[in-house]
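The values are calculated or read from the model by the stated rules, or taken from the named source; none is laboratory data. Quick caveat: nothing in here was measured; it's all calculated off a predicted structure. Ideal geometry is used to build each Cβ from the backbone, glycine not excepted, and the neighbour counts take in all protein chains shown.
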Amino acid sequence: MAKFELTLPKMGESVAEATITSWLKDVGDTIEMDEAVLEIATDKVDSEIPSEVEGVLIEKRFEVDDIVQVGQVIAIIETEGDDILAVETTGELKSEDTPAIVSELTERVEIAKAEVSSKVPAISSNERFYSPLVKNIAKQEGISQEELDTIHGTGKGGRVTKNDILSYIDNRGAAPAPNLQVKETVLSQPKPVLPKAEPKPVVVSGADEIIEMTRMGKLISQHMTNSLHTSAHVQSFIEADVTKIWNWRNKVKDEFEKREGEKLTFTPIFMEAVAKALRDYPLLNISVDGDKIIKKKNINLGMATALADGNLIVPVIKDADQLNLVGITKQVNDLANRARNNQLRPDEIQDGTYTVTNVGSFGSIMGTPIINQPQVGILALGAIRKVPAVIETSEGDFIGIRYRMFLSHSYDHRVVNGALGGMFVKAVKDYLEAWDMHREV
């Protein structure tokens, strides 16, 4: 018999730790290869950790609500065959390998520090360890670091768990404010601070139902509010005739699915047009950093996807302008399916440079979406409608039945003026209306 160490895999450059939210397997359970063993949450996404081997779970190294660093051993799985080493090296050590080895050793030292910190009760923010989940809840509820340090923790080593902070929030209004020490700072040029508008209390009757927001719902709520406070939202609207696309898709979709094993929806077609327009107007593929504009090299399209609980998540199609329609279709279908099954990796919802949302899937003909920070634009696709329209020909104008849709472009007026915002959405319209009916996929 051999023992396999199940570790927390790397989940993107900006993700260093995760919180265990539930164990899907108990000690003694048989585990198949690629079967999910536990669920984790980061400050960006929830996901599952699958097993890389077949075997029996014989040890859990962490409990629910514990913090795990990338690379730490989460569990031990007993397998058939020879021992499986946690770290393997091959070949001779070369001088050029030194930076990588130093980096790995540094990372292990930081992981060890975090382990010690999570096991020792602390009284200050410099020593106490908080999970990404707890930090996000504190940020959403306006809890300062000093106030957070006063919360009694019931987790391992006195750590504050999700239940601890939620319980504190529930009783926050009834409890006296903590006696916090505030350092006086003299500012040479004090800036006026506008008073924060306090929300009016909501009157609840006995017949009303109170529904707790989900963790993701709270994160989305905060993200959208922050975006409205950050960007100067304006909108441009345009109507596109997509009759050619409608007829072309009906002609090729069955053959496409038979050949590629994928359903051909309208979404990848629209994504292709948006990617082309961003290539034409790169100043919409940017972010704002203070007084600086960061022009993005890659065109990474976010695709707003509705989940079963009503929340939205935005998986990202990386380098969308480098993909053909088949490639975009496979990406769209894969990301959408895994998003709905809670199987996205954290790095698959990061680094988007522009976002597309399909409000037409819910019957809306247009919308005014909120920009997905730190991007500066988002395009809403309205429902495709069969409508009477004026058709211009060399022999005169006449009325015909056409398939048309509205494109709603929200953009950040701090850096995108009306001309640029309008020209961009016009370019998307032009690409859609110029669709080649004889195109092969």
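Counting residues that are polar (S, T, N, Q) and over 24 Å from Gln350 (Cα atoms), which strands (runs of 3 or more DSSP E) fully inside the range 374-424 reach at least 1?
Hits in the range 374-424: 385-393.
Determine the pairs where a residue that is under 15 Å from Lys297 (Cα atoms), located within the range 339-356, has a partner that is in a helix (DSSP H, G or I) with Cβ atoms under 8 Å apart, the partner being 6 or more residues away or on another chain.
Here the result reads Thr353/Leu278; Tyr354/Val274; Tyr354/Leu278; Tyr354/Leu284, each pair linking the range 339-356 to a residue that is in a helix (DSSP H, G or I).
Report the residue count in the range 286-303 for those that are crowded, with 16+ Cβ neighbours inside 10 Å and part of a strand (DSSP E or B).
6
Condition check: within 30 Å of Asn298 (Cβ to Cβ), hydrophobic (A, V, I, L, M, F, W, C), at pLDDT 90 or above and part of a strand (DSSP E or B). Does Val234 satisfy that?
yes
What tally of residues in the range 284-315 results from selecting those that are hydrophobic (A, V, I, L, M, F, W, C) and farther than 20 Å from Thr267 by Cβ? It would help to see each step written out before you state the result.
As a first pass, look at the range 284-315 and keep what is hydrophobic (A, V, I, L, M, F, W, C): 284, 286, 288, 293-294, 299, 301, 303-304, 306-308, 312-314.
Keeping just the survivors that are farther than 20 Å from Thr267 by Cβ gives 286, 288, 293-294.
Matching residues across the range 284-315 total 4.
Say we look at the range 108-153 and pick out the residues that are among the β-branched types (Val, Ile, Thr), over 28 Å from the mean Cα position of the chain (by Cα) and modelled with pLDDT of 50 or more; which of these is surrounded by the most Cβ atoms within 10 Å (Cβ to Cβ)?
Ile151
In the set Gly421, Gly382, which member is touching a Ser or Thr at 6+ places or on another chain (Cβ under 9 Å), of a type outside the set (A, V, I, L, M, F, W, C), free of Cβ contacts under 8 Å to residues at least 60 places away in the same chain and surrounded by 15 or more Cβ atoms within 10 Å (Cβ to Cβ)?
Exactly one residue qualifies, and that residue is Gly382.
Okay, residues lined up against (1) closer than 24 Å to Lys162 by Cβ; (2) surrounded by fewer than 17 Cβ atoms within 10 Å (Cβ to Cβ); (3) in contact (Cβ under 8 Å) with a residue 60 or more places away in the chain; (4) not assigned by TED's automatic domain parsing to the domain that holds Lys162:
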residue: Thr19; (1), (2), (3), (4): yes, no, yes, yes
residue: Asp29; (1), (2), (3), (4): no, yes, no, yes
residue: Glu35; (1), (2), (3), (4): no, yes, no, yes
residue: Gly55; (1), (2), (3), (4): no, no, no, yes
residue: Asp65; (1), (2), (3), (4): yes, no, yes, yes
residue: Gln69; (1), (2), (3), (4): yes, no, yes, yes
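Does the range 335-343 include one or more residues that are surrounded by 14 or more Cβ atoms within 10 Å (Cβ to Cβ) and either more than 18 Å from Asp46 (Cβ to Cβ) or touching a Lys or Arg at 6+ places or on another chain (Cβ under 8 Å) (or both)?
No; the residues of the range 335-343 include none that is surrounded by 14 or more Cβ atoms within 10 Å (Cβ to Cβ) and either more than 18 Å from Asp46 (Cβ to Cβ) or touching a Lys or Arg at 6+ places or on another chain (Cβ under 8 Å) (or both).
Criterion first (in a helix (DSSP H, G or I), aliphatic (A, V, I, L, M), within 18 Å of Val376 (Cα to Cα) and in the same structural domain as Val316 (by TED's automatic domain parsing)) does Leu278 satisfy it? I'd like the intermediate steps shown before the answer.
On the way: in a helix (DSSP H, G or I): yes; aliphatic (A, V, I, L, M): yes; within 18 Å of Val376 (Cα to Cα): yes; in the same structural domain as Val316 (by TED's automatic domain parsing): yes.
The answer is yes for Leu278.
Would you mind stating whether Gln189 is modelled with pLDDT under 65, over 30 Å from Tyr431 (Cα atoms) and not assigned by TED's automatic domain parsing to the domain that holds Gly142?
Yes: the conditions hold for Gln189.
Suppose the filter is in the same structural domain as Val425 (by TED's automatic domain parsing), crowded, with 23+ Cβ neighbours inside 10 Å and farther than 20 Å from Pro374 by Cα; does Thr329 pass it?
Taking the combined requirement at face value, the residue satisfies it.
Can you confirm whether the range 328-335 contains a residue that is part of a loop (DSSP other than H, G, I, E, B) and not hydrophobic (A, V, I, L, M, F, W, C)?
Looking for residues that are part of a loop (DSSP other than H, G, I, E, B) and not hydrophobic (A, V, I, L, M, F, W, C), one finds none in the range 328-335, hence no.
For the range 32-59, which residues satisfy the criterion of being under 12 Å from Phe4 (Cα atoms) and modelled with pLDDT of 90 or more?
Ser51, Val53, Glu54, Gly55, Val56, Leu57, Ile58, Glu59
Pull up the range 17-51, narrow it to residues that are part of a strand (DSSP E or B) and over 20 Å from Val134 (Cβ atoms), then point me to the one that is farthest from the chain's Cα centre (by Cα). I'd like the intermediate steps shown before the answer.
Step one: filter the range 17-51 for residues part of a strand (DSSP E or B), giving 17-23, 30-31, 36-41, 46-50.
After this cut, where a residue has to be over 20 Å from Val134 (Cβ atoms) as well, the list is 30-31, 36-37, 48-50.
Numbers: Thr30: 32, Ile31: 29, Ala36: 21, Val37: 23, Glu48: 15, Ile49: 18, Pro50: 20 Å.
My answer is Thr30.
What are the residue pairs meeting all of these: first residue in the range 141-163, first residue in a helix (DSSP H, G or I), second residue aromatic (Phe, Trp, Tyr), Cβ atoms under 8 Å, and 6 or more apart or on different chains?
The qualifying pairs are Leu148/Tyr130.
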